[in-house]
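A short reminder: the numbers here are calculations on the coordinates, not readings from a lab. Every value quoted in this text rests on a predicted model; they were computed, and no experiment measured them. In this analysis, Cβ positions are derived from the backbone assuming ideal geometry, glycine residues included, and neighbour counts consider all displayed protein chains.
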Amino acid sequence: MRSDANIAGPMTDPVPGPRTESTGADVSRETPPPMDDTPIGRAAQLAVEALGRAGEGLPRPEQTRVIVVANQKGGVGKTTTTVNLAASLALHGARVLVIDLDPQGNASTALGIDHHAEVPSIYDVLVDSKPLSEVVQPVPDVEGLFCAPATIDLAGAEIELVSLVARESRLQRAIQAYEQPLDYILIDCPPSLGLLTVNALVAGQEVLIPIQCEYYALEGLGQLLRNVDLVRGHLNPVLHVSTILLTMYDGRTRLASQVAEEVRTHFGDEVLRTSIPRSVRISEAPSYGQTVLTYDPGSSGALSYLEAAREIALRGVGISYDGMHGHVGAQNDQSMVEGIQ
Ligand SMILES: Nc1ncnc2c1ncn2[C@@H]1O[C@H](COP(=O)(O)OP(=O)(O)OP(=O)(O)O)[C@@H](O)[C@H]1O
Ligand SMILES: [Mg+2]
């Protein structure tokens, strides 16, 4: 899947993508994706345009970027980040697959994807070697966005995988055999470092770590980083932590800005300049089976994920980000986080 030979259509296009009209004054501008004909799809599209960036378009990666969203700490915003970034990238015109690798199935729920026990799911892919193409479903309301759902069966997969051949690389093989052209695959990991997360780390090139702006935000991250090193050393030499995203950032609190500063000190350039604010709209959206991009396209949560997506896309092709919405940067003169434990 990573070889150019297998990448058809959209992904072979250089900047910008296949919806580009490269004529006249529009030569460096991308034609916005066609309007979705559902009301919420249309509303989301309007939000992208409201940002004033739809005409600008986003560069598309030359090869599929497989991004593993991981942090073994629970409730830090992994799933929220996965689905909202995926929707943002799709609204910017990319083709995006979300792989739900958490038995809780929260990403599937948030994308409005049916994932009751009988639905073909990522469990069948991992344990029974079912082709990924047989479980992938299109996400309603967001063109170009797809989901491989997780069902409750996946809860047993950690155990069942142990006795299987190539147990760490089953997801990698499934992705490599998947022939649909994609710009991004985002993998939502469970809050653990078991075989499911290891499968994601073996399958991906990049790790995105969401960090909640709270006290002890970095605690336990050392263990995740060591796992990334181990997988890189033994199973997947290209794996690296490419992106840190600060989530649930509350600019009114001194703690949030201090934690943000601490994270930036530790991770430097990997930390996105865009942070995600704490937003009621973001937390409400999943109960409607929607991302915040369709639930409330004009909200600060939607705009911040669109901005984070833009930053990730630009970084992927080596273009520096202009920092339009970068708003974390308060000074810190006192260490609030004891360092990576
Ligand atoms: N920016 C935000 N503003 C407000 N609420 C948020 C935000 N991001 C996430 N949440 C809420 O915080 C909770 C945890 O988020 P989420 O499920 O994305 O975390 P997670 O890391 O995937 O959790 P788990 O480890 O259980 O998989 C959810 O209720 C979610 O709606
Ligand atoms: Mg989750």
Original post:
Say a paramagnetic label sat at a point 7 Å from the Cα of GLU62, along Cα to Cβ; which residues of region 210-238 have their backbone N under 19 Å from it?
Top reply: 238
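Region 170-263: which GluC sites (Glu not before Pro) are DSSP loop and have at most 15 other beta-carbon atoms within 10 angstrom?
Details: sites: GLU179, GLU206, GLU214, GLU219, GLU261, GLU262; in loops: GLU179, GLU214, GLU219.
Answer in residue order: GLU179, GLU219.
Provide the net charge surrounding ALA302, with neighbours chosen by a C-beta distance below 11 Å and charges set as Lys +1, Arg +1, Asp -1, Glu -1. Walk me through the numbers on the way to the answer.
Numbers: positive: ARG281; negative: ASP296, GLU307.
After counting each charged neighbour, the total is -1.
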**OP:** Taking 7 Å along the Cα-to-C-beta vector as the label spot, tell me the HIS116-LEU164 distance in nanometres, rounded to one decimal.
**Re:** 2.5 nm
Subject >> Cα→Cβ-extended label distance, 7 Å offset, between ARG226 and LEU314, nm >> reply: 3.7 nm
Original post:
Amide H to amide H under 5 Å from HIS240: which residues, 5+ apart in sequence or cross-chain, H placed 1.01 Å off N in plane?
Top reply: GLU206, VAL207
Subject >> ³J(HN,Hα), Karplus 6.51/-1.76/1.60, whole Hz, each residue of region 169-181, x for Gly, Pro >> reply: 10, 6, 5, 4, 5, 4, 5, 5, 7, 7, 9, 5, x
**OP:** Starting from the amide H of ILE185, placed 1.01 Å from N in the peptide plane, find each other amide H under 5 Å away whose residue is 5 or more places distant or on another chain.
**Re:** ARG65, VAL66, ILE67, LEU97
Subject >> Full-stretch length increase - TYR215, ASP128 - with 0.36 nm per residue and alpha-carbon distance subtracted >> reply: 27.2 nm
Subject >> For LEU246, residues with placed amide H under 5 Å, excluding near neighbours >> reply: ILE211, LEU272, ILE276
Subject >> Qualifying GluC sites (Glu not before Pro) for region 80-158 [loop in DSSP, other Cβ within 10 Å: at most 16] >> reply: GLU118
